[in-house]
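Notes to accompany the following structure.
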Amino acid sequence: MRALTWHGTHDVRVDTVPDPEILNPRDVIVEVTATAICGSDLHLYDGVIPGVKSGHILGHEFMGRIVETGRDSPLTKGQRVVVPFTISCGNCYFCRKSQFSACDNSNPVETQDASEMLYGHAMSGLFGYSHLTGGYPGGQAQYVRVPFSDVGPIVIPDGLADEQVLFLSDILPTGWMAAENAELEPGDIVAIWGCGPVGLFAVQSALRMGAAEVIAIDHHPNRLDMARTLGAKVIDYARTHVLEALMDMTGGIGPDAVIDAVGMESHGFSPDNILDTVKQKIGVGADRAHALRMALTAVRKGGRVSIPGVYGGLADKFPLGALMEKGLQIRTGQTHVQRYSHDLLRRIGEGEIDTTFLISHRLALEEAPTGYRNFSTNQNEWTKVVLKP
């Protein structure tokens, strides 16, 4: 089959690789009909995620049609499914608590040690990401083996197009969980750093959850326009002093909640970010945490901090004093996709949530390297790329 594979920083290629096979009775094989490039994929593309091996198949946002099933799978050939990016067994301590992205059984024993050493506990399995997360082949391919098919895949009813539901795999529930983690209360003002796909879905979700006002922060005009269309007020950080603007917009109090939808590759020419960029390039540090530092500084005393943005290593110059002295609460983590999938599917089916507004480009799988290059370097115009194997 054909699949997009990683060969180094800014080097991804569509190669011919072996077809996947059923390895476990709970497996299914999915023929991919739509897959997307995620902002998290750019961390792999930029070479800042450890544990990625040459030839690894990328992609964790995908859906398709079941073409083969293991004997213990409840699914049947021909069903259309969206596959969560988190791989979860459904039976461990964490899955039973609906903390699916913390699954204890989906990361194989032979790949657990590295993440356990880095984070104190082994990470769960993820499709198409690092070998820290199990080294599972991803969905930017013609076919994918999906383990634990009785737990993960979301069966899609007739009448819903692929593009309406594809983002149930990751970014829609991630934006929703980001807003939920902000613990919104009536009258709250929420500030969101980053108007990429997750940030825009966080804007949409926060307004759905009753935020009185959402302030979206970015510097790409098109993305700011999209946030404004969703109902947010916007700040262009390239033209405006963000902290001063937020204080003006909140009566000198600060936002009640903040969401960092940027993660480990913050942009900008602030001194801390320039230093972080240099360290990241030479391998001294792994994370550029400028957006998170700003969010912690901006949020009001007693406020809440939600971090859906991906961080993978260490960050210095961390405003720990602000965190403690202001009495802040922080919630973060990979998304528990299965916790939200059925409710969000219902909302899509009833027309409450639209996901297709994000899509700017549709490409064949063979054009995936072009998609990556432009999604990385022209984020104003390339807001979301969907690949069609």
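Structure values in brief
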| quantity | calculated |
| --- | --- |
| Global form of segment 1-142, assessed from the alpha-carbon gyration tensor, a/c cut-off 1.5 | oblate |
| Identified option (computed P(r) over Cα pairs in 20 Å bins from 0, in percent; candidates (1) 25, 60, 15, 0, 0; (2) 29, 61, 10, 0; (3) 27, 54, 18, 1) | (2) |
| Distance violations [Cα-Cα > 32 Å] among K53/K384; K233/K301; K53/K326; K97/K233; K326/K384 | K53/K326; K97/K233; K326/K384 |
| Solvent-accessible surface ranking, highest first, for I330, I235 at 1.4 angstrom | I330, I235 |
| Stokes-Einstein D in µm²/s, Kirkwood radius over Cα pairs - segment 291-386 at 37 °C with 0.692 mPa s viscosity | 192 µm²/s |
| Rule-of-thumb Rg ratio for segment 115-176 [Cα; 2.2 N^0.38 Å; N residues] | 1.35 |
| √(5λ) per eigenvalue of the Cα gyration tensor, segment 124-216, largest first, Å | 30, 17, 12 |
| Listed peptides 342-353, 72-83 by packing density, highest first (mean Cβ within 10 Å) | 72-83, 342-353 |
| DSSP bridge pairs, the chain: antiparallel proportion in percent, nearest 5 | 55 percent |
| Helical mean residue ellipticity (222 nm; -39500 (n - 2.57) per DSSP H run of 4+; nearest 500) of the chain | -8000 deg cm²/dmol |
| Over segment 50-209: Kirkwood hydrodynamic radius from C-alpha pairwise inverse distances, Å | 17.1 Å |
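The values are calculated or read from the model by the stated rules, or taken from the named source; none is laboratory data. Model, not experiment: these values are computed from the prediction. When we count neighbours, we look across all protein chains shown, and the Cβ atoms used for this are built from the backbone with ideal geometry, even at glycine. Just so you know, the surface numbers come from the protein's heavy atoms only, side chains and all, with ligands and any DNA or RNA stripped out. Shrake-Rupley method; radii C 1.70, N 1.55, O 1.52, S 1.80 Å.
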